[in-house]
Amino acid sequence: MVKNKLPCLMHKVLLFLAIFLPFISSHLSAQERRPGDLFPPDKIFLLEEPRDWQDTEEIMERLYLKTGDIVADIGAGSGYFTIPLASRVGEKGLVFAEDIQIQMINYISKKVETLDLKNVRVIFGKTEDPSLLDNFFNLVFLANTYHELEKPSLLLENIRKDLRYYGRLAIIDWDPAKKSPFGPPTEEKIPEDTAIKEIERAGFELIENHNIMPYHYFLVFKKKNN
Ligand SMILES: C[S@@+](CC[C@H](N)C(=O)[O-])C[C@H]1O[C@@H](n2cnc3c(N)ncnc32)[C@H](O)[C@@H]1O
């Protein structure tokens with residue numbers, strides 16, 4: 001009897017795996033990703049070097065920021081983009097510069113103090129949660145950070161909560177389809193279509209795709225409101 005039941009049980013298990021494994025694995029890959037290495041804080045000086053391959057003014061233009069806007073710069077690093085963002089939103093606006101490495105936080109804090117920037121707040125966040133305010137931001141900006149996210153779907157869920165109804169999410173990241181002489185190893189870069197799928201799955205809709213950089217994609221999403 002037992003001998004007869006075994007193949008039948010095996011058959012059921014195999015059938016279950018065949019049906020559900022693709023869903024389970026795609027769900028896991030959306031939830032968790034092997035962490036790429038975090039940018040090493042002892043190389044922070046590299047983040048301060050001028051980037052002719054990432055035109056800051058052109059990027060700022062394409063973010064269509066207005067005076068008084070509230071922006072989150074997630075994975076702010078040395079604050080390379082925090083300063084031009086702060087200048088775009090003006091004294092009536094605010095930029096929250098957030099990172100999960102304390103050395104980055106200390107570095108930006110000093111910079112903000114030295115430049116006496118009254119419209120920047122520095123936030124020490126968590127991998128899956130930038131610890132910001134709900135329904136508060138006009139724009140959330142991530143540059144050169146998406147490929148480092150350990151838990152993209154959880155972080156995106158929180159970003160979605162933090163954005164206002166008409167809020168936008170801008171992602172600039174290394175494109176593995178564009179060969180670059182520097183930057184993270186190709187296997188750590190996230191393909192553009194993977195990033196778009198993950199972000200859309202988290203409740204966003206792609207509204208702009210600016211193909212203006214030699215090594216990066218630059219995507220803008222709006223929050224999908226149900
Ligand atoms: C390569 S640096 C980019 C810094 C800056 N955005 C720039 O373009 O110069 C990536 C930064 O993202 C931060 N980071 C990685 N994962 C993060 C997460 N889940 N939340 C916030 N920051 C994160 C790292 O600590 C690092 O400072």
Mind listing the long-range amide H neighbours of residue 121? Cut-off is under 5 Å, sequence gap 5 or more, other chains count too, H placed in the peptide plane at 1.01 Å from N. 95, 96, 97
Which of 126/179; 43/126; 66/223 have a Cα-Cα distance over 28 Å? 126/179
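Among 204-212, 49-57, 130-138, what's the highest-first ranking by average C-beta atoms within 10 angstrom per residue?
Order by mean packing, descending: 130-138, 204-212, 49-57.
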Simple SL model, points at 7 angstrom along Cα→Cβ for residue 43 and residue 206; separation in nm is 2.8 nm
Indicate the gyration tensor shape class of the stretch 93-177 (rounded, prolate or oblate), computed on the Cα atoms with a ≥ b ≥ c the square roots of the eigenvalues: a/c under 1.5 is rounded; otherwise a/b larger than b/c is prolate and the rest oblate. oblate
Partner lysines for residue 222 [C-alpha distance under 16 Å; skip if fewer than 8 residues away on the same chain]: 161, 197
Sorted by Cβ density within 10 Å, fewest first, the residues 46, 163: 46, 163
Does the stretch 69-226 classify as rounded, prolate or oblate by the C-alpha gyration tensor (a ≥ b ≥ c root eigenvalues; a/c under 1.5 gives rounded; else a/b over b/c gives prolate, otherwise oblate)? oblate
PRE zone check, label point 7 Å out along Cα-to-Cβ of residue 179, amide N under 19 Å, scope the stretch 195-226, hits 213-217
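Laboratory data are not the source of any read-out in this text; all were calculated from the coordinates shown. Remember, predicted model here, so these are calculated numbers, not experimental data. For neighbour counting, all protein chains shown are included, and Cβ atoms are generated from backbone atoms with ideal geometry for every residue, glycine included.
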